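**Q** Handing you this structure, nothing more for now.
Values in this text are rule-based calculations from the coordinates and carry no lab data. Given the structure is predicted, the values throughout are model-derived calculations rather than measurements. Please note: Cβ atoms are built from the backbone with ideal geometry, for glycine as well, and neighbour counts cover all protein chains shown.
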Amino acid sequence: MNLQQQVLESLKKSFWDNIQMDFHDEKWDGKHFYLEIMSDKFIWKSKIEQSRLVYAALDEYMKTWSIHALRMKCLVPE
């Protein structure tokens, strides 16, 4: 399983509810990623709290530098 598949599985485990994601390598170097994620868990959360939830789910990848940079957009379902 490649890094992108591992990250998607980690996010699915943490955001088990209604979730939609787009996760891809922005610079084609395997270190700089973009994540657009929509989850019910973001309802009534500030942007900072939403980001913290994502970073908590990806903690092992961030600590080991598997992901060097992550640009994200967190969305709430309508």
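**Q** Based solely on its DSSP helices, what 222 nm [θ] is calculated for the chain when runs of n ≥ 4 H residues each add -39,500 (n - 2.57) and the sum is averaged over all residues, nearest 500 deg cm²/dmol? Kindly include the intermediate steps, with their values, before the conclusion.
**A** Numbers: 3 runs with 28 residues, N = 78.
Value at 222 nm, helices only: -10500 deg cm²/dmol.
**Q** Run the dipole for the chain about the Cα centre, Lys and Arg Cβ at +1, Asp and Glu Cβ at -1, nothing else charged, and hand back the magnitude in debye, nearest 20. Walk me through the intermediate numbers first.
**A** Numbers: 11 positive and 12 negative charges, 48 e Å.
For this selection, approximately 240 debye.
**Q** Taking only the alpha-carbon atoms of the chain, what semi-axes of the equivalent ellipsoid follow from 5 times the gyration tensor eigenvalues under a square root, in whole Å, largest first?
**A** After scaling each eigenvalue by five and taking roots: 20, 12, 12 Å.
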